[in-house]
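Below: one structure, written as structure tokens.
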Amino acid sequence: MPRTSEAVQPRVIVDGVTKRFLLRHTHSLKETFVAAVQRKPLASTFDALDGISFAIEEGQSVALLGYNGSGKSTLLKLISGVLQPDRGEVLTRGRIAGLIEVGAGFHPDLSGRENVYLNAAILGMTQKEITARFDEIVAFSEIEQFIDTEVKHYSSGMFLRLAFSVAIHTEVDILLVDEILSVGDEPFQRKCIAKIRQLHEEGKTLVVVSHDLNMVSDICERGILINRGKLIFDGPSKEAVARMREQ
Amino acid sequence: MGPKPGRPPEAAEEIRLSASTITPAPGFAQPGKGAGLADVFRRRYLLSLLVRKEVRVRYRGSVLGWLWSYVKPGAQFLVYFLALGVFLNLNGNQPNYPIYLFSGIILINVFTEAFSNATRSLVDNGALIKKIYLPRELFPVSSTIVAFINFLPQALILLVVCAVVGWRPDGIQILGLLIAALTVLTLATGLGMLFGAANVSFRDSQNFVELIVMVVVWGSPVLYPISQVAKVLPDWAMVLYQLNPVTAAVDLFHAGFWYPTTDGRGNLPGDTMLYGLIALGVSLLLLALGQLVFHRLEGRFAQDL
């Protein structure tokens with residue numbers, strides 16, 4: 001059940017958020033001209049999210065559920081600040097970082113070590129914090145041996161391990177997690193999930209998006225089900241998963 | 001699609017109520033609403049890493065490596081010197097023409113490199129911008145810094161050559177050099193942010209910038225003596241010509257590097273310092289405009305890239 005306490009302020013507030021994408025049907029002056037002459041529509045809009053509202057309390061772990069195209073990744077991007085809502089408001093309190101498509105900030109021509117520093121700084125860590133956590137990050141990724149090798153020589157598994165390891169060791173209050181289970185082999189996945197659980201126990205706020213329904217209902221106590229941009233259920237995660245399967 | 005039966009609507013309503021009553025509390029921030037260039041300063045450690053990355057990977061995999069930073073302007077200089085200095089005999093008419101030419105070339109190079117790279121920086125870093133929020137001003141600013149780092153060894157060569165020929169600048173001329181460098185860097189950052197932000201939605205922007213860069217090289221007295229321009233243009237047009245911030249900066253570079261090596265034989269336009277200060281002011285205004293437009297368009301970057 002969502003914990004509600006008077007004393008603790010929420011970490012994330014999503015208030016009446018609508019996100020509308022403009023789909024342009026023409027991509028050049030010529031096409032625009034031709035379409036205008038033929039009186040075809042030049043663009044249409046698509047509401048990825050429509051009037052979504054909820055608040056996430058401190059220390060809560062929330063699963064965003066929904067099928068492909070339901071708008072859950074858009075919602076995660078709004079919370080991280082990558083996208084801006086067209087209507088409504090998103091507010092967050094504290095430091096926020098995302099395990100969203102890990103490795104986005106990695107450069108193939110830099111060594112693992114340099115990439116750890118670069119990516120951790122991109123995720124908002126200070127030089128001091130990175131230096132303090134560097135050994136822990138490398139140990140977690142289990143690639144100590146190759147840390148001074150250029151990342152382009154890494155196998156895709158090694159690359160993902162290192163990227164994930166950096167992201168999960170960032171100093172945060174709110175952790176956004178998108179599709180964690182695509183990372184590495186099974187033992188490493190178990191280790192990642194254990195780490196996420198540990199962060200949750202430490203009182204971090206988690207927002208998780210995954211298609212592995214058993215895993216998310218296990219990690220998260222609360223589930224928010226979205227369908228075609230509308231919030232259709234908000235409550236215990238087990239119930240949310242059951243509702244989703246009914247659809 | 002009507003509301004489905006069950007308890008969700010009340011649950012959502014209840015949470016929303018509590019949310020809207022708490023909203024004004026301190027400590028909350030709207031994610032993705034940055035403070036612009038001030039954020040770049042706040043995240044200067046990240047900026048330094050981004051710059052270091054660019055510098056490290058620029059000539060990765062090439063045998064000459066950073067020597068390319070000398071080879072390219074060197075070849076450019078030789079071509080212009082042969083074509084204009086020797087064939088068109090500017091070398092005979094303008095005292096110390098090689099120094100005149102080189103001091104202009106390195107300044108215009110740092111401007112064009114910073115401007116065009118800053119314009120493309122957002123599209124080049126699209127993968128990152130689409131996934132993680134960070135102050136996006138970091139990208140054009142780091143492009144400018146990288147261009148400046150690239151400029152330093154060239155400036156060093158120029159200094160050595162000047163010293164060998166006999167360079168005796170006064171304090172004002174040195175100050176003019178600093179103002180000129182600051183002007184082109186500010187201008188490149190401001191215009192880079194302006195055209196870079198537009199480039200996200202309309203890739204016409206970077207082509208337009210290539211056009212501007214070409215015009216700028218010939219629209220300032222880099223390759224030819226400014227005295228030739230003064231002979232042709234009427235006074236009012238000459239004022240317009242010198243109001244171009246890049247022209248003013250190039251003039252300051254000539255006044256600082258070239259003129260003190262000519263024993264007073266060089267021919268400088270009047271009021272270089274005045275035009276230089278105006279240019280710096282204009283560049284700062286354009287930087288403010290660039291930031292304003294950038295901030296307006298920033299919200300759409302992640303979805304338009």
* To do: Would you pull out the residues with amide H under 5 Å of A:Val209's amide H, same chain only if 5 or more places away, H placed 1.01 Å from N?
  => A:Leu64, A:Val177, A:Asp178, A:Glu179
* Asked: Ranking B:Tyr224, B:Tyr59, B:Tyr100, B:Tyr133 by Cβ neighbours within 10 Å, fewest first, what do you get?
  -> B:Tyr59, B:Tyr224, B:Tyr133, B:Tyr100
* Would you work out the charge dipole size for the range A:117-218 about its Cα centre, treating the Cβ of every Lys and Arg as +1 and the Cβ of every Asp and Glu as -1, and quote it to the nearest 20 debye? => 60
* Asked: Angle between the Cα long axis of helix B:204-219 and the longest principal axis of chain B, 0 to 90 degrees, nearest 10?
  -> 20
* Structure fact -> For the range A:46-57, Karplus-derived ³J(HN,Hα) couplings (6.51, -1.76, 1.60; θ = phi - 60°; whole Hz; x for glycine and proline) come out as 9, 8, 6, 9, 9, x, 8, 9, 6, 10, 10, 6
* Structure fact -> Calc'd 3J(HN,Hα), the range B:94-102, phi into Karplus 6.51 cos²θ - 1.76 cosθ + 1.60 (θ = phi - 60°), Hz, glycine/Pro = x, comes to 10, x, 6, 4, x, 6, 4, 5, 5
* **Among A:His25, A:His211, A:His200, residue whose mean-square fluctuation peaks in a GNM of chain A (springs only between Cα atoms under 10 Å)** => A:His25
* Structure fact -> Between the residues A:Ile226, A:Gly203, A:Ile168, the Cα farthest towards the positive end of the dipole of chain A, that dipole coming from +1 and -1 charges on the beta-carbon of Lys, Arg, Asp and Glu, is from A:Ile226
* Asked: Along each of its three principal axes, how wide is the spread of alpha-carbon positions in the range B:84-144, in whole angstrom units, largest first?
  -> 58, 17, 9
* Between A:Glu136 and B:Gln76, how many nm apart are label points set 7 Å from Cα along the C-beta direction? -> 4.8
* Report the extension gain between A:Val37 and A:Arg87 in nm, rounded to one decimal, defined as 0.36 nm multiplied by the number of residues separating them, less their alpha carbon distance. => 14.7 nm
* Asked: By DSSP, what percent of the beta bridges with both residues in the protein assembly as shown are antiparallel, rounded to the nearest 5?
  -> 60
* **Cα lying deepest toward the dipole's positive end in the range A:10-246, options A:Leu23, A:Phe140, A:Ala48, charges on Cβ** => A:Leu23
* Asked: Full extension from A:Asp185 to A:Lys238: what is 0.36 nm times the residue separation minus their Cα-Cα distance, to one decimal in nm?
  -> 16.4 nm
* For chain B, with a Gaussian network of springs between Cα atoms less than 10 Å apart, report the residue from B:Gly192, B:Gly32, B:Gly270 with the top mean-square fluctuation. => B:Gly270
* Tell me what chain A gives for mean residue ellipticity at 222 nm when only DSSP H runs of n ≥ 4 count, each as -39,500 (n - 2.57), the sum divided by the residue total, rounded to 500 deg cm²/dmol. => -11000 deg cm²/dmol
* Out of residues 5 or more away from A:Glu57 or on other chains, whose amide H comes under 5 Å of its own, with H placed 1.01 Å from N in the peptide plane? -> A:Arg11
* To do: Please report how far the C-alpha centroid of the range A:143-172 lies from that of the range A:1-73, rounded to the nearest whole angstrom.
  => 32
* Asked: Among rounded, prolate and oblate, which fits chain B when a ≥ b ≥ c are the square roots of the eigenvalues of its C-alpha gyration tensor, a/c under 1.5 means rounded, and a/b larger than b/c means prolate?
  -> prolate
* Structure fact -> Across B:Leu122, B:Leu37, B:Leu185, the residue with the highest GNM fluctuation in chain B (Cα network, 10 Å cutoff) is B:Leu37
* Asked: In the P(r) worked out for the protein assembly as shown, what percent of Cα pairs fall beyond 31 Å?
  -> 57
* Please give every one of the aspartates and glutamates within straight-line cross-link reach of A:Lys152, meaning a C-alpha to C-alpha distance under 15 Å, and leave out same-chain neighbours fewer than 8 residues apart. => A:Asp109, A:Glu114
* **Listed residues B:Leu107, B:Ala197, B:Gly270: farthest to the positive end of the dipole of chain B (Cβ charges)** => B:Ala197
* Please report B:Thr144, A:Thr32, B:Thr119 as a ranked list, fewest other C-beta atoms within 10 angstrom at the top and most at the bottom. => A:Thr32, B:Thr144, B:Thr119
* Structure fact -> Restricting to lysines and to Cα separations under 18 Å from B:Lys33, and discarding same-chain partners fewer than 8 apart, the set is A:Lys19, A:Lys77, B:Lys130, B:Lys131
* Roughly how big is the protein assembly as shown's charge dipole about its Cα centre, with Cβ charges of +1 (Lys, Arg) and -1 (Asp, Glu), in debye to the nearest 20? -> 760
* Asked: Among the DSSP beta bridges whose two residues both lie in chain A, what percent are antiparallel, rounded to the nearest 5?
  -> 60
* Asked: For the range B:96-173 and the range B:201-275, what is the separation of their C-alpha centers, rounded to whole Å?
  -> 17
* Computed over chain B: relative contact order in percent, which uses C-alpha pairs under 8 Å that are six or more apart -> 25
* **Which of A:Arg39, A:Arg133, B:Arg56, B:Arg265 has the fewest Cβ neighbours within 10 Å, and the rest in rising order** => A:Arg39, B:Arg265, B:Arg56, A:Arg133
* Structure fact -> Partner shielding of A:73-84, taken as the mean number of other chain Cβ atoms within 10 Å, equals 5
* Asked: Under the definition of Cα pairs under 8 Å and six or more residues apart, what whole-number percent is the relative contact order of the range B:181-287?
  -> 42
* Would you mind giving the mean number of other chain beta-carbons within 10 Å of the Cβ of each residue in B:126-139, as a whole number? => 5
* Structure fact -> With x for Gly and Pro, the residue-by-residue ³J(HN,Hα) of the range B:180-193, computed from phi through the Karplus equation 6.51 cos²θ - 1.76 cosθ + 1.60 at θ = phi - 60° and given in whole Hz, is 4, 5, 4, 4, 5, 5, 5, 4, 5, 5, x, 5, x, 5
* Quick one: length gained pulling B:Val215 to B:Arg60 fully straight, 0.36 nm per residue minus the C-alpha distance? -> 52.7 nm
* Asked: Which cross-chain or sequence-distant (5 or more) residues have an amide H under 5 Å from the amide H of A:Leu49, H modelled 1.01 Å from N in plane?
  -> A:Lys19
* **chain A - percent relative contact order, Cα under 8 Å, separation 6 or more** => 27
* To do: Please state, as a whole number in µm²/s, the translational diffusion coefficient that the Stokes-Einstein equation yields for chain A at 25 °C and 0.890 mPa s, with Rh defined as the Kirkwood radius across alpha carbon pairs.
  => 125
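Computed from the coordinates by the stated procedures, all read-outs in this text should not be read as laboratory data. Owing to the predicted nature of the structure, the values given are computational and were not obtained by experimental measurement. Here Cβ is always computed from backbone atoms with ideal geometry, including for glycine, and neighbour counts include all displayed protein chains.
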